[in-house]
Structures are given as C-alpha cells and as structure tokens.
1. Where in the chain are the DSSP H helices whose alpha-carbon span along the long axis reaches 15 Å or more and whose Kyte-Doolittle mean is at least 0.0?
2. Among (i) 58; (ii) 68; (iii) 54, which is the computed percent of Cα pairs over 23 Å apart?
3. Less than 21 Å apart at the alpha-carbon level, and either on another chain or at least 8 residues along: which lysines does that give for Lys122?
4. Kindly give the semi-axes, whole Å and largest first, of the ellipsoid equivalent to the range 17-62, taking each as the square root of 5 times a Cα gyration tensor eigenvalue.
5. Applying a 10 Å radius around every beta-carbon, put 40-48, 217-225, 1-9, 171-179 in order of their mean neighbour count, most first.
6. Just grab the label-to-label distance for Thr216 and Leu151, each label 7 Å out from Cα along the Cβ direction, in nm (one decimal).
7. How do 62-73, 274-285 rank on mean C-beta neighbours within 10 Å, highest first?
8. Please compute the length gained on full extension between Ile24 and Ser46, using 0.36 nm multiplied by the number of residues separating them and subtracting their Cα-Cα distance.
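No value in this document is a laboratory result; all are computed from the given coordinates. This is a predicted model, so every value here is computed, not measured. Quick reminder, even Gly has a Cβ in these numbers, built from the backbone with ideal geometry, and neighbours come from all protein chains shown.
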Amino acid sequence: MALLGIDIGGTKLAAAVFTEEGNILSKEIISLGGREGAAAGSLITSTVSRLLRADVSSGNRVESIGISVPGIYRIKEGTVWAPNIPGWDNYPLLKEVTEVSGGVPVIVDSDRACYILGEMWKGNARGCTNAIFMAVGTGIGAGIVADGRILRGAHDIAGAIGWLALTRPFRDEYIGCGCFEHHASGEGIAKTAREYLENESEYAGELRNKPVEEITSYDIFVAYHNADPLAIRVIKQSIEYWGMAVANLISLFNPEKIILGGGVFGPAVSLIPDITKEAARWAQPISRGQVTIEASALGGDAGVYGAGYLAREKYQSRS
C-alpha cells in the first residue's frame, strides 16, 4: 500500500507518494503558474487523478490522501481560506478532491499543523507529545501539538502567531498581518530595511546598491554576513522578535521542543543560538529549562511529510 501527500503553497505544490513507514517512493513539484480559484483547484484534482492512476499501474496502490493547505482549513465545512491563492476564501477543496479520488479517503489540514506533524513523524520532534513548529516565511504561523493532539481552537485558527502583540503602540500596518509578522517575517525583514533606508540618507552600505523597493530578506542576510551595519541592525531586531515569540510559546505551552522552519530558517539557522538566548530572557524560567529549540530536519519538505502523515492516520483509522 502507499500514501499520497500533497503540500499546497502559494506558488507551487509538492506531491509525494509514501510507504506506510514514511519512506518517499516518488515526489514532484508543480508550479501553480499564477492559477486562481477553480483553476488552482483543477490543477490539484488533475494531479491527484494522474498520481492515483500511475500508482495503480506501478503496483503501489494509494490507500489514503493527505493534503496540506496554506491558511485556514475549516474542518466542519471542508473548505479552505488561503490568502495567497486568490479566490480561495471558502474553497470546497475536500469535496473536489473526494469527487476524483475513486473512493480513496481524503483528509485536509492547515500547513502549520502539517509542519509539526511531519517533524513528529520523520523530523526533529519524533517522540514528542508537546511540540511546536514556528514557521517563518512570507508569513508566520505555528503548528502546536499539546498532549499529543493538534491544537485547533474553536474555529480552526489556533496558531496564527503572526498576530502576536510584541511591541507598542499599535500601528495600522498590523491590521492585515499582525505585529510579529509585520516586523519579523521574510517580508517584514525587508520592510524594516526599506524603512531604515528611506529615513537614513547618510547610510552608504551595500543595500544602497539595489532599488529600495526591490530589497528582499535574502539581500539582507547576504549583507548581514558581510557585516553591513544596517543589515546587522535589522537582523538583531528580528532576533529579538523571534526570541520574544519563542519565549511566549514556551511560557504558554511548556513544550518539549520548538522547531524553527519556513523559508527564513534557511539563512537564519545559524542565528538559533542567539534566538535561544533572547528567549531565555523572557520565558518562564522552569519551562525554558525544559525545552529544546532546533531547526527543522525536513526543511521545505515538512509540509508534504505532514500531509503524508495525515494520510497514514486516516488509513489506520479505517483499518
């Protein structure tokens, strides 16, 4: 038997076929190509149909399908709110995939839930029953497992930590994405650098070599490693925000592990010791001594592994 895991992002999807033990039999990456609404859904259903046919012919019959989605998955309705895919405000993804699955069961969950499930299955949170995945990329979110169960909240929105209030006073810029995400997501890092560049005409470092509106977090990390003073200032501020957020998660949930992942932890992996030191200043003192803070072992594959794990749990619950 085999399991199909699909991780949907804002610009692409990853699809992998797993054994029940979590070994990848095949994997592919497919661009969404700017598709919106039903066109994005059609790409996903056609991918599912094709992979189901391929795996029947190869002898690895898919027995369950798990899907990771970027945003909020409303479990009772089976619909998705995904802000990075226009037209997915209340998208009936479960219904559409079930219609083409030929009776193979389908389960859907948020990407943040899948990240921590993937790490618990095949990554750095194996053996944990209380663990958190803090994903920092274009946005920020957290997959939280408490006492062995995904924490979802009353309406499936738990883990939206981009809205953590970590400074004051309130700014109108926080309305759309939250305080933490505004300052310390990948886009937030770039925004902060742009604000400094616009207000500090005397600065003549390497970030001046690019138009301000084109500055990305990647540029800032490169400049940081080249000891650029403005980049150092931006990254030090980000370390403070990341550390404060980690401290709040430690104090609230008393986890065994906090896993740091997403596109930013990539280049920010080397900063984890500094983030850990900052977190230790703010966190509940007993709890901070009981937690390990680590980088994701699965990197960009955490979501697709989590989707595979969903499929495995769905299959085992029916067996």
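1. On the way: long enough: 37-58 (32 Å, 0.58); 111-122 (16 Å, -0.29); 186-199 (20 Å, -0.95); 229-253 (36 Å, 0.93); 272-282 (16 Å, -0.55); 302-318 (24 Å, -0.73).
Passing helices, by number: 37-58, 229-253.
2. Structure-derived value, by its label: (i).
3. Result set, ordered by chain and number: Lys27, Lys257, Lys314.
4. Largest first, the range 17-62 gives 24, 12, 8 Å.
5. On the way: 40-48: 18.4, 217-225: 20.1, 1-9: 25.2, 171-179: 14.2.
Ranked from most to least packed, the peptides come out as 1-9, 217-225, 40-48, 171-179.
6. Going from the Thr216 label point to the Leu151 one covers 3.3 nm.
7. On the way: 62-73: 25.7, 274-285: 17.3.
Top to bottom by mean Cβ count within 10 Å: 62-73, 274-285.
8. Contour length minus Cα-Cα distance gives 5.8 nm.
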